[in-house]
Amino acid sequence: MSTSDTFSAFRTIDLRGRRLDAGELKAAMPRAETTFDVASDAVADIIAAVRQGGFTALGALAERFDGVAQQHPRVPAAALDTALAELDPAVRSALEESIRRARMFAEAQRPADVVLEIGPGARLTHRWQPVNRVGLYVPGGLAVYPSSVIMNVVPAQAAGVASLALASPPQKEHGGLPHPTILAAAKLLGIDEVYAIGGAQAIAAFAYGVPASDAGPALAPVDVVTGPGNVFVATAKRLVKGVVGIDSEAGPTEIAVLADAAADPRLIAADLISQAEHDPNAASVLVTDSEELAAAVRRELAVQVPATKHSERVRTALSGPQSGVVLVSDQEQGIAVCNAYGAEHLEIHTADAGAVAGRIHSAGAVFVGPYSPVSLGDYCSGSNHVLPTSGTAAFASGLNVTTFLKAVQVIEYTEAALAEVRGHVVALSTAEDLPAHGDAVQVRFAG
């Protein structure tokens with residue numbers, strides 16, 4: 001291979017020698033041209049249709065988007081049983097190990113309740129309470145995601161959620177049901193309420209519920225909706241937030257790799273490709289202070305992209321505005337770029353990678369060193385791969401047990417304990433011109 005054999009479509013953003021403030025740095029990041037605004041009108045129409053038309057509207061949307069005729073989207077129990085019985089033993093073994101590791105990590109995450117005697121007779125309790133019902137979305141489209149079943153279900157179960165429903169797009173080639181591997185994973189985890197509903201309509205059905213009809217029983221509304229998806233799913237989650245809780249606005253996947261001159265370009269190219277094969281809109285970004293490494297990665301991409309199964313999809317993703325190399329002056333600027341970008345997945349391929357990882361404050365998940373690739377986290381690390389995208393890692397977390405928990409505060413004061421702060425309550429209520437607040441305390445001590 002000559003030095004001219006290079007993946008030139010993988011563009012470069014050169015930030016070397018530039019002093020950018022936080023806003024300018026965020027604006028300079030490679031991002032997809034597709035935005036939530038583009039999809040919002042179409043998604044709002046879908047949500048309105050589901051709310052008004054119920055199962056009839058869901059059937060029409062299934063025919064429109066998935067090419068399947070559907071009376072009722074509930075997956076029969078027999079289909080779940082059959083899917084598990086016919087599952088490839090090697091895949092079943094892999095799923096079971098993934099479940100085992102994910103469950104260990106999830107169960108360790110559950111926070112402890114706090115009980116505090118703040119004074120004599122004054123007790124405060126901070127109690128973690130699972131939400132009652134959760135809707136879990138597993139995407140379909142270009143790939144099959146039984147791993148997303150695990151990532152959604154396991155932390156909800158570890159949190160103690162009593163009612164779990166799962167939705168995944170109907171597949172024409174599978175008789176209008178979700179992919180059988182999705183169904184098998186659900187059965188393996190004990191989930192029997194599964195629906196063949198895809199896209200924004202699934203999020204709407206979970207958020208608002210669907211009343212019973214001649215087509216079949218009701219789909220009860222949920223308290224929290226979780227799961228990844230395309231821009232339409234992410235937009236739907238944004239629009240129903242407030243009606244229900246959501247995990248994050250997880251759109252097309254993204255990987256960023258922070259690397260120095262000593263990093264292995266073969267590994268970096270392979271990891272960039274691994275995420276690009278998800279979706280033509282997937283983002284793959286290399287952040288480095290080494291022009292030589294960037295050139296070597298491009299040469300590796302020229303070799304590896306044609307050899308991978310989904311080469312056209314990968315090529316489209318790597319050639320898009322959301323992907324490319326960000327050249328930085330040094331490691332300090334590289335860390336600043338990574339924090340500004342807020343990657344869903346961030347790999348660290350630098351000297352002292354652990355210390356560098358400790359300085360990252362905006363990322364869905366950080367993968368440290370050459371033997372912690374993102375694909376490990378996708379399947380079998382024990383961590384969760386449902387993570388914030390599009391820079392939302394600046395304020396959002398990946399899916400975890402606390403996604404399904406809410407904190408309830410319990411206040412228990414005796415008469416003597418209330419008497420101790422009685423004057424303070426009255427003084428503050430007077431200062432806020434809310435005297436009835438003070439009266440509500442005073443009346444308890446009136447003769």
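The values are calculated or read from the model by the stated rules, or taken from the named source; none is laboratory data. All values derive from a computational prediction rather than experimental measurement. Ideal geometry is used to build each Cβ from the backbone, glycine not excepted, and the neighbour counts take in all protein chains shown.
Taking region 25-40 as the range and being at pLDDT below 90, of a type in the set (A, V, I, L, M) and surrounded by fewer than 18 Cβ atoms within 10 Å (Cβ to Cβ) as the test, only V38 passes.
Somewhere in region 373-385, is a residue within 27 Å of N132 (Cα to Cα) and surrounded by 23 or more Cβ atoms within 10 Å (Cβ to Cβ)?
Yes - at least one qualifying residue is present in region 373-385.
Please tell me if R92 is assigned to a helix (DSSP H, G or I), under 26 Å from the mean Cα position of the chain (by Cα), modelled with pLDDT of 90 or more and assigned by TED's automatic domain parsing to the domain that holds P170. Explain how you work it out, then say what you get.
Values: assigned to a helix (DSSP H, G or I): yes; under 26 Å from the mean Cα position of the chain (by Cα): yes; modelled with pLDDT of 90 or more: yes; assigned by TED's automatic domain parsing to the domain that holds P170: yes.
In short, yes.
Taking region 189-306 and the strands (runs of 3 or more DSSP E) fully enclosed by it, the elements with 1 or more residues that are touching a residue at least 12 places away in the same chain (Cβ under 8 Å) and more than 25 Å from R359 (Cβ to Cβ) are at 194-196, 224-226.
From the list A44, A102, A78, pick out the single residue that is in a helix (DSSP H, G or I), buried (at least 19 other Cβ atoms within 10 Å of the Cβ) and not assigned by TED's automatic domain parsing to the domain that holds E344.
Numbers: A44 fails: buried (at least 19 other Cβ atoms within 10 Å of the Cβ); A78 fails: buried (at least 19 other Cβ atoms within 10 Å of the Cβ).
Checking each option against the conditions leaves just A102.
Among what's in region 118-158 and is farther than 30 Å from L418 by Cβ and of a type in the set (G, A, S), pick the residue that is modelled with the lowest pLDDT. It comes out as G141.
For (1) closer than 16 Å to V386 by Cβ; (2) among the hydroxyl-bearing types (S, T, Y); (3) out of contact with any Asp or Glu (no Cβ under 8 Å at 6 or more places or on another chain), each residue gets a yes or a no:
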{"site": "Y195", "(1), (2), (3)": "no, yes, yes"}
{"site": "A200", "(1), (2), (3)": "no, no, yes"}
{"site": "F206", "(1), (2), (3)": "yes, no, yes"}
{"site": "G216", "(1), (2), (3)": "no, no, yes"}
{"site": "T226", "(1), (2), (3)": "yes, yes, no"}
{"site": "P252", "(1), (2), (3)": "yes, no, no"}
{"site": "D264", "(1), (2), (3)": "no, no, yes"}
{"site": "A276", "(1), (2), (3)": "no, no, yes"}
{"site": "A283", "(1), (2), (3)": "no, no, no"}
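State which residue is farthest from G229 (Cα to Cα) when the search covers only region 279-293 and only residues that are crowded, with 24+ Cβ neighbours inside 10 Å and modelled with pLDDT of 95 or more. The extreme case among them is T288. Scanning region 230-278 for residues that are of a type in the set (D, E) and under 25 Å from T6 (Cβ atoms), we see that the one that is surrounded by the most Cβ atoms within 10 Å (Cβ to Cβ) is E254.
Among the residues of region 110-120, are any touching a helix residue (DSSP H, G or I) at 6+ places or on another chain (Cβ under 9 Å), outside the structural domain of R422 (by TED's automatic domain parsing) and without any contact (Cβ under 8 Å) to a residue 24 or more places away in the chain? Yes; the residues of region 110-120 include at least one that is touching a helix residue (DSSP H, G or I) at 6+ places or on another chain (Cβ under 9 Å), outside the structural domain of R422 (by TED's automatic domain parsing) and without any contact (Cβ under 8 Å) to a residue 24 or more places away in the chain.
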